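Please read the structure below before turning to the comments.
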Amino acid sequence: MASYTYTATPDQGAKAGVLAYLVVSAVVLLLMMLFGLLMRMEQAQFISIGGLWFYKLMTLHGAGMVGIVALAGASIMWHFLRQYVELTTSIFIANLVIFLIGVVMILASVLLGDFHAAWTFLFPLPGNSMGMWSQGAAALFMGGLLVIGVGFVLLHLDIARAIIKNYGGLGRGLGWPQLFGPDDGNAPPPAVVASTMVTIVNLIGLVVGASILIMMLVNLYVPTFEIDALLAKGMIYFFGHVFINAVIYMAVIAVYEILPRYTQRPWKSNKVFLASWTASTIMVMFIFPHHLLMDYAFPKWFLIMGHIIGYLNTFPILIVTGYGAMMIVYRSGIRWDMCSRLLFVSLFGWAVGAMPAFIDGTITVNYVMHNTLWVPGHFHTYLILGMVAMVFGFMYYLGKPDENAKDSPIDIAAFWGFVVGTMGFTMSFLYGGKEGAARRYAEHLPEWIPYDRLGSYFAALLIASVLVFIFRFLTRLGLAGRDYQRASLARSIAT
Amino acid sequence: MKRTSSPYAVRMGFGLGISYLFLATPMVRDWMEASMSRHMLVQMPLLVVIGIVACRLLPAHWQNSVLARVGGSIPCVVVALFASSYWMLPRALDAALNDPLAEMAKFLSLPLLVGFPLVLAWRRLTLIGRGFVWTNFISMLAVLGWLYIVAPVRVCNSYLVNDQETAGWYMVIASVLLFLWWLGTLLVGGGVGPDKPDRNGTGTKLA
Ligand code: HEM
């Protein structure tokens, strides 16, 4: 029978590579947030940067955010996974270097080449700029994405190698023997299960993404090689959606690994946990048609599949994780510090952020709501209050001076500023969407502007709070690499 | 590997030689090369397979010393990559049909410069190297197939447009199947080279 007792393991400090990832992530995150604020202020007519700059910033913000949260998520995954399997540091670093090369290409394409066709590079826009940007700029942007993709393929191959070496196959990494056979209690820990899932879906997503990118590059220079626009859209959304979804599945490892340390209750991979991760491994790949519900030219079964799987996939991991976290925390006398607070609120943010998508995934609603600000409302909630909160929680964990260190009032204020700022900011998107404000418009109708203004204030509050988080992390970098007990034991255990 | 000088290896080598000659007979060649799909997706892969099997029949220490002499696994992979890419070019197909020298080059280079070095390198590649070769090969196959499907012109003088399109579709389908198969091997574990749990790095597994 499975036994579920907690076995204490020491809190390990981060390797230099992980810290490098986190520092880059913090800086880029902040910069991209400022770009976001500029966009929101443009819509609110607080400033006037013009359409060209709005779309340049939007392209950078989209590509930059997706890339940087993937990088931050990868650092969390790598930090914890390394404690179970043998990962290759040089490949981890190579991914960072390759990433930065890709970033430079993208920056050059947008800032110097004026490319502004959004991070989704939807066919045939990049090749049809009507003189707004050159072929070279479009090629540089898509090339940059391709380069970043290659780095991640390498990283995932290394992870696959390490998991297979230790567990004997990715199926075992997902805990299939325990899922489909008797649960002997030896299922891989949650960090391994999650990393396996992410590795499988990202490898598939990246190969598809690379294929469409290369095709579009060929088409860019030899337009007579025509691409089926619908197929291109399907492939791009498959890749983009898998990749951005995988990000939160990497970051949630921080919750699985850190919360149990506070209450000394185990987070075991039981059958329900394993089943939900295996189910999501498959569903994550079939959920993307919920972005395509308005494309009536797609076959009907395809759209219905998107609808149904969209409904189904909202829940398994989210519920298992939310419920698991409750079980870890419930009546444990957990001590709330910045890390445990952020990790706990991240599950709230994830759950709340998933709901608008669930609603929008309904075909009849989708006809009205899609392409409104409702959609940015959804993903900003789960990404900022969910995924980014996990990253900051991890940073606070690494930098916590000692087990019983108290948080300063500034940090606590920043925590609430972050929560309130994010909720206000995302509600302004959601409400604007409900009122019919279109997504991706640089200029808004007068009726929409009050929401844009409110949104800008909340975004500024959110960014101010993030500044505190980042400043705190940077000043504690020296501690982050050392091994010592960080999690404060829950009252029920400590006393 | 003990079986190298065994009668088994000799018999295998004999069979291999016969198959090679069989492929080279004018009748078989004509039939295989009459269609683009058969030319690219049957004849050429078979030539590579012959190279692969032949290399595996050699004693392990031979393989090791050849590998050491040519500078390790990376040069081998690079040579295989370039040689195989060359034969994916439409021009190369045309040349093989029109010029006996090119045809001979094809019959020699596919086994010797693709199959052979791949086997040599495979023994030393971990999952990362092998995964790189596979993901690279699979996306190349898919993209090339796609290009053949949508190409606005006839890319080979010797084949018709519909033949080219069919070949393109077969390539795309093959790439999808290959990818699924490769992922399948990862899921159920097994062939991952020197890093396998039982450390059996003989390179006798494909994936
Ligand atoms: C202070 C924080 C942030 C602000 C002020 C902000 C602001 C914005 C604005 C104004 C837009 C354009 C909405 C539209 O009219 O369509 C946008 C789009 C977007 N944001 Fe953010 N954002 C923030 C944080 C984030 C984060 C943390 C992520 C990802 C992790 C993110 C990912 C995106 C993406 C993917 C888009 C879509 C771009 C597109 O439509 O092509 N944002 N953001």
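Collect the residues in region B:55-65 that are within 22 Å of B:L127 (Cα to Cα) and surrounded by 15 or more Cβ atoms within 10 Å (Cβ to Cβ), keeping them in residue-number order. It would help to see each step written out before you state the result.
So the first thing to find is which residues in region B:55-65 are within 22 Å of B:L127 (Cα to Cα), and the list is B:55-56, B:60, B:63-64.
If the condition is that a residue be within 22 Å of B:L127 (Cα to Cα) and surrounded by 15 or more Cβ atoms within 10 Å (Cβ to Cβ), then B:C55, B:R56, B:Q63 are the ones that fit.
Can you tell me which residue among A:V222, A:V208, A:V218 is surrounded by 18 or more Cβ atoms within 10 Å (Cβ to Cβ), at negative phi and of a type in the set (V, I, T)? First the steps, then the outcome.
Details: A:V222 fails: surrounded by 18 or more Cβ atoms within 10 Å (Cβ to Cβ); A:V218 fails: surrounded by 18 or more Cβ atoms within 10 Å (Cβ to Cβ).
The match here is A:V208.
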Within region A:247-289, residues part of a helix (DSSP H, G or I) and polar (S, T, N, Q) come out as A:T263, A:S276, A:T278, A:S280, A:T281
Positions within region A:55-104 being of a type in the set (V, I, T), away from the ligand (no atom under 16 Å from the Cβ), under 27 Å from A:E257 (Cβ atoms) and assigned to a helix (DSSP H, G or I), in sequence order = A:T89, A:I91, A:I93, A:V97, A:I98
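Do we find that A:G399 is farther than 30 Å from A:A490 by Cα and either touching a helix residue (DSSP H, G or I) at 6+ places or on another chain (Cβ under 8 Å) or within 14 Å of the ligand (Cβ to nearest atom) (or both) in this structure? It would help to see each step written out before you state the result.
Working: farther than 30 Å from A:A490 by Cα: no; either touching a helix residue (DSSP H, G or I) at 6+ places or on another chain (Cβ under 8 Å) or within 14 Å of the ligand (Cβ to nearest atom) (or both): yes.
Taking the combined requirement at face value, the residue does not satisfy it.
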Taking the condition in contact with a Pro (Cβ under 9 Å, 6 or more places away or on another chain) and more than 13 Å from the ligand (Cβ to nearest atom), does A:A405 pass?
-> no
Limited to region B:134-188, what total is found for residues that are assigned to a helix (DSSP H, G or I), in contact with a Phe, Trp or Tyr (Cβ under 7 Å, 6 or more places away or on another chain) and within 9 Å of chain A (Cβ to nearest Cβ)?
-> 3
Of (1) closer than 18 Å to A:W267 by Cβ; (2) more than 16 Å from the ligand (Cβ to nearest atom); (3) modelled with pLDDT of 95 or more, A:G324 fails just (3)
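Given the residues A:A413, A:A442, A:A389, which is the only one that is among the aliphatic types (A, V, I, L, M) and farther than 22 Å from A:M32 by Cβ? Show your work before the answer.
Working: A:A442 fails: farther than 22 Å from A:M32 by Cβ; A:A389 fails: farther than 22 Å from A:M32 by Cβ.
Unique residue meeting the criteria: A:A413.
Answer yes or no as to whether A:S109 is more than 14 Å from every other protein chain (Cβ to nearest Cβ), closer than 19 Å to A:A26 by Cβ and among the hydroxyl-bearing types (S, T, Y). Full working, then the answer.
Details: more than 14 Å from every other protein chain (Cβ to nearest Cβ): yes; closer than 19 Å to A:A26 by Cβ: no; among the hydroxyl-bearing types (S, T, Y): yes.
No, not satisfied.
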Failed item, numbered, when A:F225 is tested on (1) in contact (Cβ under 8 Å) with a residue 40 or more places away in the chain; (2) outside any helix (DSSP H, G or I); (3) among the aromatic types (F, W, Y) = (1)
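Mind counting the residues in region A:331-354 that are away from the ligand (no atom under 16 Å from the Cβ), assigned to a helix (DSSP H, G or I) and touching a residue at least 40 places away in the same chain (Cβ under 8 Å)? If you could, list the steps in order and put the result at the bottom.
Filtering region A:331-354 for residues away from the ligand (no atom under 16 Å from the Cβ) gives A:331-341, A:343-344, A:347-348, A:351.
The next check asks that each one be assigned to a helix (DSSP H, G or I); those that pass are A:338-341, A:343-344, A:347-348, A:351.
Now restrict to residues that are touching a residue at least 40 places away in the same chain (Cβ under 8 Å): A:338-341, A:343-344, A:347.
Residues meeting the conditions: 7.
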Exactly one condition in (1) surrounded by fewer than 20 Cβ atoms within 10 Å (Cβ to Cβ); (2) among the charged types (D, E, K, R); (3) within 14 Å of chain B (Cβ to nearest Cβ) is not met by A:R161; state its number.
-> (1)
Do we find that A:G168 is in contact with a Pro (Cβ under 9 Å, 6 or more places away or on another chain), surrounded by fewer than 21 Cβ atoms within 10 Å (Cβ to Cβ) and either within 13 Å of chain B (Cβ to nearest Cβ) or of a type in the set (K, R) (or both) in this structure?
-> yes
Odd one out for B:I50 among (1) surrounded by 19 or more Cβ atoms within 10 Å (Cβ to Cβ); (2) of a type outside the set (F, W, Y); (3) over 17 Å from the mean Cα position of the chain (by Cα) | (3)
Is one or more of the residues making up region A:296-308 crowded, with 20+ Cβ neighbours inside 10 Å and of a type in the set (S, T, Y)?
-> no
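Taking A:M197 as the residue in question, decide whether it is more than 8 Å from chain B (Cβ to nearest Cβ), at negative phi and assigned to a helix (DSSP H, G or I).
Yes: the conditions hold for A:M197.
For every residue, the table says whether it meets (1) more than 10 Å from the ligand (Cβ to nearest atom); (2) buried (at least 22 other Cβ atoms within 10 Å of the Cβ); (3) farther than 30 Å from A:D11 by Cα; (4) modelled with pLDDT under 95.
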| residue | (1), (2), (3), (4) |
| --- | --- |
| A:M387 | no, yes, no, no |
| A:W416 | yes, no, no, no |
| A:V419 | yes, no, no, no |
| A:I449 | yes, no, yes, no |
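The values are calculated or read from the model by the stated rules, or taken from the named source; none is laboratory data. Keep in mind that what you see is a predicted model, and the values were worked out from it rather than measured. FYI the Cβ positions are ideal-geometry reconstructions off the backbone, even for glycines, and counts take in every protein chain you see.
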